[in-house]
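Scroll down for the structure; my scribbles are underneath it.
The values are calculated or read from the model by the stated rules, or taken from the named source; none is laboratory data. Being a predicted model, the structure only gives us computed values, none of them experimental. Cβ sites come from the backbone with ideal geometry, for glycine too, and all protein chains shown count toward neighbours.
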Amino acid sequence: MIERTLAVAAVLVACGGSRPAAPARSAYDVEPTLIAGAFPTDRGPDGNSIILRAPRGLIVVDTGRHPVHTDKLVAFARHAGAPIAAIVNTHWHLDHSGGNARLRAAYPGAEIIATRAVEGALVGFFPKGRAQGDALIASGKATPQQIEDIQLGRAAIDDTRNLLPTRPITASHTIDIAGRPLDVHVAPFAATEADLWIYDAATRTVIAGDLVVAEVPFFDSGCPEGWRAALGEIAATPFVRLIPGHGEPMTREAFARWRAAFDALLDCAASPADAAACVAGWRTAAAAFIPTGDEDRIDQYTTYYLTEILRSPSAHERFCHPLRAE
Ligand SMILES: [Zn+2]
């Protein structure tokens, strides 16, 4: 996400009347629909959004940042003729939750399911990012795209009603969302203070949020060791398909390669190796996940995360403990 630079058709058959519902093939067996997030060079990214069908409507996991992304979700629901019954935010980064308000303007009944980690972000992360954005605008050096992203961010963090969960998740368990059971998992101190990821047993799909970002893990608010542990818990599920927070869906094998690259990056960061060696190590180990032409930009991200987060005791102090006001 890089805050610093602003930084699935119809509703399933209702249970109807006296006739028993056919239990055999559940419509849940249909794979979730991915609305891919963009990662342009001149703006903040949009996270991937995933749409699942449920008896009482659609479940949307992550809502993007930019209206052009969120509007695709609304258009999907209108075309499907099904209301968006629930939003799940995997974490509070605005490229995953910034679209909540626009989506709920179209579907006011949509509940917001998330951990309470956003409460800490509202006092300990967003204000700092906001000040940085204001300073960038005041400097006269912001591009029109940056100004637009900064203004979108401000509007989102001022609208807490559309960021705070209406249904807070505090522990890992199977919950009913709009009539559909889903396994939700809470990962403490990972990409954020408490990330939420989903295992959908019906389709053997993991929806990972930013615990997996194909090109490079976005460590903006990351706690390395909690994150490493969360990847181990994902690996322990019998998934056949994993949808990352950014990038293409992964097979088990692809995820295993990505995870090995992640572990190697953390190990390198903890070693005396030169930063350049760690950055080159990620580029090589994660080469299959980095689009051709994007290598230099990814090197810049990796260098930043290595210096400012992975090797920073103060970042560890900040992000491996509950966020607080600064
Ligand atoms: Zn993201």
Quick one: in segment 95-148, which of the residues that are within 15 Å of the ligand (Cβ to nearest atom), modelled with pLDDT of 95 or more and not in a helix (DSSP H, G or I) is farthest from residue 178 (Cα to Cα)?
98
Among all residue pairs at least 6 apart or on different chains, which show Cβ distances below 7 Å where the first residue, located in segment 69-94, is within 15 Å of the ligand (Cβ to nearest atom) and part of a helix (DSSP H, G or I) and the second is among the β-branched types (Val, Ile, Thr) and at pLDDT 95 or above?
70/63
State whether the residues of segment 280-291 include one that is surrounded by 13 or more Cβ atoms within 10 Å (Cβ to Cβ), of a type in the set (Gly, Ala, Ser) and closer than 28 Å to residue 182 by Cα.
no
When you scan segment 248-261, do you find a residue that is within 16 Å of the ligand (Cβ to nearest atom) and assigned to a loop (DSSP other than H, G, I, E, B), even just one?
yes
Selection over segment 108-132 where residues are surrounded by 19 or more Cβ atoms within 10 Å (Cβ to Cβ) and touching a strand residue (DSSP E or B) at 6+ places or on another chain (Cβ under 8 Å) yields a count of 6
Subset of segment 234-248 [within 17 Å of residue 261 (Cα to Cα) and surrounded by fewer than 23 Cβ atoms within 10 Å (Cβ to Cβ)]:
234, 235, 247, 248
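Please go through segment 42-58 and give me each residue that is within 16 Å of the ligand (Cβ to nearest atom) and among the charged types (D, E, K, R), ordered by number.
Of everything in segment 42-58, those that are within 16 Å of the ligand (Cβ to nearest atom) and among the charged types (D, E, K, R) turn out to be 43, 46.
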Which condition does residue 136 not pass, out of (1) buried (at least 18 other Cβ atoms within 10 Å of the Cβ); (2) within 30 Å of residue 238 (Cα to Cα); (3) touching a helix residue (DSSP H, G or I) at 6+ places or on another chain (Cβ under 8 Å), if it passes all the others?
(2)
